[in-house]
Amino acid sequence: MATSLGIRGAFFDFIDDPWRHVGREYEAARFLADGLLVVEDGKITDFGDHGDVSRRHRALDVTHIRDRLIMPGFIDGHIHFPQTRVIGAFGEQLLPWLQRWIFPEELKYQDRDYARGAARRFFDNLLASGTTTAQAFTTSSPVATEELFDEATRRNMRLIAGLTGIDRLAPAEYMRSADLFYADSKQLIARYHRQGRNLYAITPRFALGATEALLAACQRLKQEHPDCWVNTHISEDRAEVREVREVHPGCADYLAIYEKYGLTGPRFTGGHGVWLSDDEFHRLAASGSAISFCPCANLFLGAGLFRLGRATDPRSRVRLSWGTDVGGGNRFSMLGVLDEAYKVGMCNASALEGHPDEAARNKVSPYRGFWSITLGGAEGLYIDHLVGNFTPGKEADFVVLDWNGGPSHQAWRQSLMADEAGPRTMEQAADLLFGIMMVGDDRAVDETWVMGQQLYKKG
């Protein structure tokens, strides 16, 4: 028997890309001061103004969420599950940081009990941050990947993940041969890909840590399973970019390595992309590949400032997801990502005095920001037919935001934007959202719902 419920409250989501509406970003958004969302068996079946929708569902059991703003669940496009415990480890540069902190911790995930307990903590943190979908790295051990997918299945959360491939530049006990990576990946794909809400990503950790044999194994997997995702890193910091050319001398740039092995195109994500050339941006756009923008980690590890204005150039627009990159990123919260993205964008804009159009594209308004971690993130990951907004037919993942939740001074700031009754206009709602992203933190997350079920409530 179908299970139906209604959620009544103030809703804010997106129906288009605000970067396409220069000077009129509000045209990409949708705000309902008193809306009604109808959910049946975890899927959205109706949505609109309460007065209209309620007449079509007179017998509906309705939960009225007052004094809150309801948005689609946040999407983290780049996060490392096995780095949960070393989040905020002293921020050396990327390569020495991996050797000192990351590989020793990730080796512990060969133990199933350790990986299982960590998976529970990982998803607890995601839900407390309002994140309902994640594209995640695991480790070189199949056990870690199994436990991550199994925990996602228990919570019915949408996950894109896969066994991490690395066969150079890591401790010997961490690396696995290309043949083992291929065989283990085949088994994991058969077991998890498109089972429930699980999606599998072929995952070479990064080209610097991959021999030609490992990349060829990834190519073979992609050819045999063309509907899988590909998740990796690209051009994160200068030292990495310099060294990768020595490891793969026949390739003109970092992107060319992944192109050589047929890994780019739809459902490909390269994390970071800080030091991509203009030509690489153009080729990514032309192929339908995506970048995951990770401002928290880029700043924490001193990698550099991602050229957001170049990535959003309408002449060769690159698909984007935004990610926390825990543990290089020091927050699980996508709200924290928005905070740092705004600052990165403003720094870029100030350096582009002679290029006003690109400077303007770097500025992260509340419309651009929240689109990027909801519908925009879904588009970047090619899952916008499943999640990202409140369109009927999509999965009912959403977050309930308390615009006063956060530091003690936030409520006074927010009272300037809307009265006690809450936002009555889209402009007021956007002003409150900007306050959440710049002044607030994960205390703004009051509830997180997955497939129409409340999985988190702030204590």
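Any idea which of (1) closer than 30 Å to Gly270 by Cα; (2) at pLDDT below 95; (3) in contact with a strand residue (DSSP E or B) (Cβ under 9 Å, 6 or more places away or on another chain) is the one Ala29 doesn't satisfy?
Every condition holds for Ala29 apart from (2).
Based on this model, can you work out whether Ala144 counts as part of a strand (DSSP E or B), in the same structural domain as Ile189 (by TED's automatic domain parsing) and either under 18 Å from Asn198 (Cα atoms) or of a type in the set (Gly, Ala, Ser) (or both)?
The answer is no for Ala144.
Starting from the range 237-249, keep only residues that are surrounded by 15 or more Cβ atoms within 10 Å (Cβ to Cβ), then list their pairs with residues that are part of a helix (DSSP H, G or I) and among the hydroxyl-bearing types (Ser, Thr, Tyr) whose Cβ atoms are within a distance under 9 Å, requiring at least 6 positions of separation or different chains.
Glu240/Tyr254; Val241/Tyr254; Val244/Tyr254; Arg245/Tyr254; His248/Tyr254
In the range 306-330, what residues are in a helix (DSSP H, G or I) and either crowded, with 23+ Cβ neighbours inside 10 Å or among the hydroxyl-bearing types (Ser, Thr, Tyr) (or both)?
If the condition is that a residue be in a helix (DSSP H, G or I) and either crowded, with 23+ Cβ neighbours inside 10 Å or among the hydroxyl-bearing types (Ser, Thr, Tyr) (or both), then Leu308, Ala311, Ser316 are the ones that fit.
Among the residues of the range 59-102, write down those that are at positive phi and not small (Gly, Ala, Ser). Walk me through it before giving the result.
Let us first name the residues in the range 59-102 that are at positive phi, namely 67, 88.
Asp67, the sole residue that qualifies.
Looking at Tyr182 and the list (1) under 22 Å from Gly209 (Cα atoms); (2) of a type outside the set (Val, Ile, Thr); (3) without any contact (Cβ under 8 Å) to a residue 12 or more places away in the chain; (4) in a helix (DSSP H, G or I), which single condition is not satisfied?
The one condition Tyr182 does not meet is (3).
How many residues does the range 373-411 contain that are more than 21 Å from the chain's Cα centre (by Cα) and either at pLDDT 95 or above or of a type in the set (Phe, Trp, Tyr) (or both)?
4
I'm trying to understand the selection: among the residues of the range 4-52, which are among the charged types (D, E, K, R), closer than 23 Å to Arg66 by Cβ and within 24 Å of the chain's Cα centre (by Cα)?
Asp13, Arg30
Please indicate, with yes or no, whether at least one residue in the range 423-441 is outside any helix (DSSP H, G or I) and crowded, with 24+ Cβ neighbours inside 10 Å.
Yes: one or more hits.
The values are calculated or read from the model by the stated rules, or taken from the named source; none is laboratory data. Worth saying up front: this structure is predicted, and the values here are computed from it rather than measured. With ideal geometry, Cβ positions are generated from the backbone for all residues, glycine too; neighbour counts draw on all protein chains shown.
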